[in-house]
Every structure is written in structure tokens, then in C-alpha cells.
Amino acid sequence: MHILVIEDDFITAQNVGSILASDGATIDTVALGEDGIRRGTQHFHDLIVLDLALPDMHGLSVLKALRTANSYTPILILSGDASGDMRATCLERGADDYLTKPFHRRELVARIHAISRRVGGHARLMNEANEATSKLNLLTARERDVLNRIAVGHSNKATALILGLSPRTVEVHRAKIMKKLHASSFADVIRLESIAARRTEGFASASANENEPLVRHTPA
């Protein structure tokens, strides 16, 4: 697992990192909330361990920013605040679990494994879908039209006929699409379109099973 630890206390961060590294995880540690938001939204992590008492902002603000950015990465709150109100607030705003300090190393590892079993696979798929959607949003409306036609199996000639273009213009659009998406082949572009489709499918699945949500992703 690749885990992001957002914790400003050096000893705690070192302790958490050591425990998780000994369990086979790769650890990325930051001390500020802003850095945690940037790392959490720009790089993939299997899980985020988030402290609440950060020097530049409250952990709830970090949590809200991550969920507002549609990050599906599971988040474990690690805090010295043992109050039921804070625990409930964090869970309501998108955290997946809450562990108070001081903690037992076995419980920390066990909770992370439990979160991973519960939502880890879905979170990875949905984060990949969000990334694919962001890339596809770089395309123009006409380029999306061309991509959609080819994705359902139409040839360049058929695509041109349907869209009222010349076959040469379709070829130009295909080349622009591949360049924008840094794809080595159009098969890679189709694969990206398929990955992005998971986002809609995931939302539909969540709506159909709202009594048993796979992940909490909407900030309060």
C-alpha cells in the first residue's frame, strides 16, 4: 500500500511511518494541511492518515478539501480528541475511520487493513476514473464526438459520414486526441474512455445502494 501521512508531530509521524512500513507499506509524510491536500489530490495513495491539529489548518478543512476535489482515497483520522462529537463529525464529513491517540500499533494496522478490505478497491477504481475524466475534459466537443463514434466501433469513414466531416478531418482529430492524452495508440484512448465510464457507474451504484455506501465522498 502507498499511504500518505498528514501529521505535524515529528515523533508521531515517525512512529506511524515505522509501523506501517514494517507492515509493507510505502509512506509519504507531510506536516502541513496544504501539502496534504496537494499530495492527496495530485498523487495516488491507497489510504490517507490525517491528524486534526495541524499548524496551518484544522484537519476537518483538509478532509473537506479532499472530498470536494472528489478524492475517493480512504481517510483514517488519527487524533488526540476522543470526544464522540468530533468522531461523529469526521465520519459525517467523509472520513472512513477514526482512531484516538495514544494508539496501539496492532490496532492501527488492523484498522487500515479493515478500511482497505471495505473500500480500498473501489476507491482505487474511482480515483482512476476521476483522473481519466480530467484528461478527457481536455478534448474539444468535436474531438469528443469523434472519440465517441470510434469507441463504439465506427470506422473513420463512417464517423466522417455521421458527423458531416471528411475522412481526412477525422484523421486529424484522432491525431490531436492522441497527442492531448499522451496516448501511444488509439486503443489506449478507448481504454481511457472505458476507465472514465466507471465514474458514472460508480455514482449509479452508490445511489442504488445508499444504505450501504462504498465510500463517503460528499462533504457536509
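Restricting attention to the range 35-61 and to residues that are surrounded by fewer than 23 Cβ atoms within 10 Å (Cβ to Cβ) and among the β-branched types (Val, Ile, Thr), the residue that is nearest to the chain's Cα centre (by Cα) turns out to be Thr41. A search for C-beta distances below 8 Å between a residue of the range 126-149 that is among the acidic types (Asp, Glu) and any residue that is modelled with pLDDT of 75 or more and assigned to a helix (DSSP H, G or I), counting only pairs 6+ apart in sequence or on different chains, returns Glu143/His173; Glu143/Lys176; Glu143/Ile177; Glu143/Lys180; Asp145/Leu163.
I'm trying to understand the selection: among the residues of the range 40-60, which are part of a helix (DSSP H, G or I) and within 18 Å of Asp9 (Cα to Cα)? If the condition is that a residue be part of a helix (DSSP H, G or I) and within 18 Å of Asp9 (Cα to Cα), then Gly59, Leu60 are the ones that fit. The residues in the range 143-169 that are under 18 Å from Glu193 (Cα atoms) and hydrophobic (A, V, I, L, M, F, W, C) can be counted, and the count is 5.
Looking across Ala123, Ala65, Ala132, one residue alone is at pLDDT 90 or above, of a type in the set (Gly, Ala, Ser) and farther than 21 Å from Phe10 by Cα. It is Ala65.
Of the residues contained in the range 107-117, none is found to be over 20 Å from Asn15 (Cα atoms), of a type in the set (D, E, K, R) and crowded, with 21+ Cβ neighbours inside 10 Å. Taking the range 62-89 as the search range and keeping residues that are surrounded by fewer than 16 Cβ atoms within 10 Å (Cβ to Cβ) and of a type in the set (Ser, Thr, Tyr), which one is farthest from Thr100 (Cα to Cα)? The residue in question is Thr68. For the range 93-194, the helices (runs of 4 or more DSSP H) that sit wholly inside it and include 2 or more residues that are more than 30 Å from Glu7 (Cβ to Cβ) are 121-136, 141-151, 156-163, 167-180.
The values are calculated or read from the model by the stated rules, or taken from the named source; none is laboratory data. Every value quoted in this text rests on a predicted model; they were computed, and no experiment measured them. In this analysis, Cβ positions are derived from the backbone assuming ideal geometry, glycine residues included, and neighbour counts consider all displayed protein chains.
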